[in-house]
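Let me begin by presenting the structure, written as structure tokens, before commenting on it.
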Amino acid sequence: MRNHEVNHLEEPILSNGDERIQFGRFDRFHNFRVRIDTSECPEIERQRLQQPLLHVRSFKRTIRALQLDHSQAAWSCVSWTVGLLLLVVIPVLRLCFVVPDGENPKHKLVFQQLVVLIGFAISSVSFLFLNQAIRRHGFRGILFLDAAEEEAVEVRKEYHSVIELCWIQLAKLFLPAFVIYFISEVWFFAAIKLVPLPLNVSRRIDLVIIASLTTISWIFRTTTYLYTCVLFSTVCALQELKMKQYRELLGRDLAPETYYSKYVRIVKGLQATSRRFRLFLALSGTITVFGALASMYKVVEAHRSGISMLMAGEIF
């Protein structure tokens, strides 16, 4: 049997988050990642190093567009300001000023307090999770790009394709929810007459102000939560790709230490994913279950009081 040559190569891994250059050593052994000396092919080396950097830049642009960037002091200040305004101030103002004008019992907003509370809780958990994750792990660490660089070429390519589809996955989750929210809000504001705002303006301007502020707040809260879910799904895709590759390797006659090393790498990846996301998953799951149970109680209570469910306020 031909002996496999083990060649240790140092490769720079660029980190756009803090502009540092890190070096990693990898062994060329069996089906582990084949490290080819590309010093004579600078174009191949440049493309291989540039692709993860492009993903980091794309992820940073997405985070900044969503006002969730905590990598620098200036962006963190902007993110906290926007988060405080859209997560706390506007929902509190909605509770104070979005009040039905009249004593019609069918128009009581029985769900408004519950919806505001649940929305604040689950979006705050997502906001704080992204804050801590970016500060602790950086942009490359959140996406597990360093771990992906140690995998086979096929795994890296498929994982890069998954990262590129993050925006599409977020849009698929957000757009249907926004359509339903928009229809429910139009129906609500058209059917229920509200108490005028203390601005001494016309009712139409009042509705524009309320609808605009509440919609912006809803978009921020929803995208914060959904993007965290998309991020978790993307990281899980890397672990799934690694397990699929391991399943394919089981059909080959390789050395036992090769299988063991691959298995240990998969277990470490799963453990790292669990450690980083388990608090977010536990809290968001608890909030979701509590919200569902509380909503069922409110539905029964509203039915007993003779309140119209279709005019009970923001139930989305």
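Residue count for the range 188-197 under the criterion of being open to solvent by 40 Å² or more (accessible area, probe 1.4 Å) and free of Cβ contacts under 8 Å to residues at least 60 places away in the same chain: the result is 1. Total residues in the range 140-171 satisfying the condition of being closer than 21 Å to Y227 by Cα and free of Cβ contacts under 8 Å to residues at least 40 places away in the same chain: the figure is 5. Does S284 meet the test of being surrounded by 16 or more Cβ atoms within 10 Å (Cβ to Cβ), at pLDDT 85 or above, not hydrophobic (A, V, I, L, M, F, W, C) and not in a loop (DSSP other than H, G, I, E, B)? Yes; evaluated as a whole, the condition is true for this residue. Residue pairs whose Cβ atoms lie under 6 Å apart, sitting 6 or more positions apart in sequence or on different chains, and linking a residue in the range 172-187 that is on the phi < 0 side of the Ramachandran plot and aromatic (F, W, Y) to a partner that is surrounded by 14 or more Cβ atoms within 10 Å (Cβ to Cβ) and assigned to a helix (DSSP H, G or I), are F174/L226. Return yes or no: is L85 of a type outside the set (G, A, S) and either modelled with pLDDT of 90 or more or in contact with a helix residue (DSSP H, G or I) (Cβ under 6 Å, 6 or more places away or on another chain) (or both)? So L85 passes the test. What's the number of the only condition in (1) more than 29 Å from G285 (Cα to Cα); (2) modelled with pLDDT under 75; (3) open to solvent by 30 Å² or more (accessible area, probe 1.4 Å) that R33 fails to meet? Evaluating R33 over (1) more than 29 Å from G285 (Cα to Cα); (2) modelled with pLDDT under 75; (3) open to solvent by 30 Å² or more (accessible area, probe 1.4 Å) leaves (3) as the failure.
Taken over the range 255-266, the criterion of being surrounded by 11 or more Cβ atoms within 10 Å (Cβ to Cβ) and either without any contact (Cβ under 8 Å) to a residue 12 or more places away in the chain or in a helix (DSSP H, G or I) (or both) is satisfied by T258, Y259, S261, K262, Y263, R265, I266.
Would you check which residues across the range 88-114 are part of a helix (DSSP H, G or I) and either among the polar types (S, T, N, Q) or modelled with pLDDT under 80 (or both) and list them?
P105, K106, H107, Q112, Q113
Tell me yes or no: at least one residue of the range 144-163 is of a type in the set (S, T, N, Q) and either open to solvent by less than 10 Å² (accessible area, probe 1.4 Å) or outside any helix (DSSP H, G or I) (or both). No, the range 144-163 has no match at all.
Table: residues versus (1) small (G, A, S); (2) farther than 20 Å from F59 by Cβ; (3) assigned to a helix (DSSP H, G or I).
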{"residue": "V186", "(1), (2), (3)": "no, yes, yes"}
{"residue": "F189", "(1), (2), (3)": "no, yes, yes"}
{"residue": "V201", "(1), (2), (3)": "no, yes, no"}
{"residue": "L207", "(1), (2), (3)": "no, yes, yes"}
{"residue": "L213", "(1), (2), (3)": "no, yes, yes"}
{"residue": "L226", "(1), (2), (3)": "no, no, yes"}
{"residue": "L238", "(1), (2), (3)": "no, no, yes"}
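What number of residues within the range 230-254 are open to solvent by 40 Å² or more (accessible area, probe 1.4 Å) and under 30 Å from G83 (Cβ atoms)? Please lay out each step first, then the result.
The initial filter retains those residues of the range 230-254 that are open to solvent by 40 Å² or more (accessible area, probe 1.4 Å), namely 232-233, 236, 240, 243-244, 246-248, 250-253.
Filter once more, so that each one left must be under 30 Å from G83 (Cβ atoms): 232-233, 236.
Count: 3.
Within the option set G138, G119, being on the phi > 0 side of the Ramachandran plot and either in contact with an Asp or Glu (Cβ under 6 Å, 6 or more places away or on another chain) or not aromatic (F, W, Y) (or both) holds for one residue only, G138. It is to be established whether one or more residues within the range 236-253 are aromatic (F, W, Y) and over 12 Å from the mean Cα position of the chain (by Cα). Yes: the range 236-253 contains one or more residues that are aromatic (F, W, Y) and over 12 Å from the mean Cα position of the chain (by Cα). Somewhere in the range 202-212, is a residue aliphatic (A, V, I, L, M), touching a residue at least 40 places away in the same chain (Cβ under 8 Å) and within 26 Å of F97 (Cα to Cα)? So far as the range 202-212 goes, yes, one or more of its residues are aliphatic (A, V, I, L, M), touching a residue at least 40 places away in the same chain (Cβ under 8 Å) and within 26 Å of F97 (Cα to Cα).
The values are calculated or read from the model by the stated rules, or taken from the named source; none is laboratory data. As the structure is a prediction and not an experimental result, all values here were calculated from the model. Positions of Cβ are backbone-derived with ideal geometry, glycine not excepted, and every protein chain shown enters the neighbour counts. Side chains included, ligands, DNA and RNA excluded: accessible areas come from the protein's heavy atoms. Shrake-Rupley method; radii C 1.70, N 1.55, O 1.52, S 1.80 Å.
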